[in-house]
1. Output the residue which, of all residues in the stretch 246-255 that are touching an Asp or Glu at 6+ places or on another chain (Cβ under 9 Å) and of a type outside the set (Phe, Trp, Tyr), is surrounded by the fewest Cβ atoms within 10 Å (Cβ to Cβ).
2. Which condition number does Ile260 fail, the rest of (1) in contact with an Asp or Glu (Cβ under 7 Å, 6 or more places away or on another chain); (2) modelled with pLDDT under 95 being met?
3. Which number in (1) in contact with a helix residue (DSSP H, G or I) (Cβ under 9 Å, 6 or more places away or on another chain); (2) on the phi < 0 side of the Ramachandran plot marks the one condition that Ser96 misses?
4. Cβ-Cβ distance below 6 Å, separation of 6 or more or different chains: which pairs start in the stretch 62-87 with a residue that is at pLDDT below 95 and end on one that is of a type in the set (Val, Ile, Thr) and surrounded by 15 or more Cβ atoms within 10 Å (Cβ to Cβ)?
5. Checking Leu179 against (1) under 20 Å from the mean Cα position of the chain (by Cα); (2) in a loop (DSSP other than H, G, I, E, B); (3) not hydroxyl-bearing (Ser, Thr, Tyr), only one condition comes out false. Which one?
6. Do any residues in the stretch 153-167 that are in a strand (DSSP E or B) have Cβ atoms under 9 Å from those of residues that are among the acidic types (Asp, Glu) and modelled with pLDDT of 95 or more, where the two are at least six apart or on different chains, and which pairs are they?
7. Inside the stretch 121-140, can you point out the residues that are within 21 Å of Asn281 (Cα to Cα) and in contact with a Leu (Cβ under 9 Å, 6 or more places away or on another chain)?
8. Please determine, by comparing only the residues of the stretch 100-120 that are in contact with an Asp or Glu (Cβ under 9 Å, 6 or more places away or on another chain), under 23 Å from Ser282 (Cα atoms) and of a type outside the set (D, E, K, R), which one is surrounded by the fewest Cβ atoms within 10 Å (Cβ to Cβ).
Amino acid sequence: MKHRLLLFVITLLTICPMTSCDNKSDEKPLKVVFFVHGVLGDQSFFDSAQRGLDKAEDELGIESKTIEAGPDDTQWEAALTDAANDEDYDILIAGSYQMNTFLQQVAPRHPDKKFIIFDAPVDYDTYDCENVYSIVYKQNEGSYLAGVYAAAMTTQKIDGINSQAIIGCIGAQEIPVILDFILGYEQGAKDTNPNIQIIRSFADGWSNPTLGKQIALTQYNQGADIIFQIAGGTGEGVFEAAVEDTHFALGVDSDQALAIESTDPAQAAHILTSMMKNIDNSLYRAIKLHLEGNLTYGQIDSLGIAEGGIGIARNKYYEAITPSAVKALVDATEEKILNGEIVVQTAF
């Protein structure tokens, strides 16, 4: 009997040695707060970020909470400060140039916490932000592909495409990040057709679809048959105009055709492709690297086509309407960007 008891104890120690067997159930999951300076539901920028958090919850076992601060920009700084002070979190995530000024003030006050900002870096030279990881995107690369695509498509014999080599773009504001999109788009279009005409407009706002529709209808009336919208909620009006005027649009940040097809299939059918800023992939990647102990806080990562941070949507709408020669041109252009044959201009 003693021998059997001794054997049982040895077996237990072999299975779970006291020095190495932890109670995994006692481990606390990583807690992440996503601060939205606005609201979800844009089917683009913020929603893409939320998808990344949702994926990290499902696949990496984190806990996440989203705070929607609302559209009043006078409340954002106080709301971010409150979130940083009051919330129980390991990492706080915020996005865009509208938050970096506030975050570089807040993060140094919480050296025991970590912060991630996407689509704009903090100023590491001026502020003590060693606990902040910054993600920026080479949106100019993806927009170059969008410009090549639009320039090639505007000469095709397709219903909704006229005989004029004219395309358009509408930005929310004339700021560096939007200009980075536009420079890439215009360069790609002109490299494809040096004689193409590009109409450039700014809406001076992110949440005015009525104005976006008005500007788009004006551009369509001037001969454009494809408009690249880089305008957040304002860009929803561009899609409305595309349906009304039976022309086309290009989406931004997310695969916007697939995002809206369940609620408005008519609009989805008029979005030829989208220049995707894969915020979801980049945030999932950052959280995974943090869990592995490999996230480089205190630094900026610039993600382009090579890193999966940027691309264009090759969805069912793209596949159905795009001629094979245009698809081949886009694919070849992407390879040239990757191997350095094409260097895309930037506003930065």
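1. Taking the candidates together, the pick is Thr246.
2. Condition (1) is where Ile260 drops out.
3. Result: Ser96 passes all but (2).
4. Sorted first by the residue in the stretch 62-87, then by its partner, the pairs are Glu87/Val33.
5. (2)
6. Ile166/Asp225; Ile167/Asp225
7. Within the stretch 121-140, Val122, Val132, Tyr133, Ile135, Val136, Tyr137, Lys138, Asn140 meet the criteria.
8. This residue is Thr101.
The values are calculated or read from the model by the stated rules, or taken from the named source; none is laboratory data. This is a predicted model, so every value here is computed, not measured. In this analysis, Cβ positions are derived from the backbone assuming ideal geometry, glycine residues included, and neighbour counts consider all displayed protein chains.
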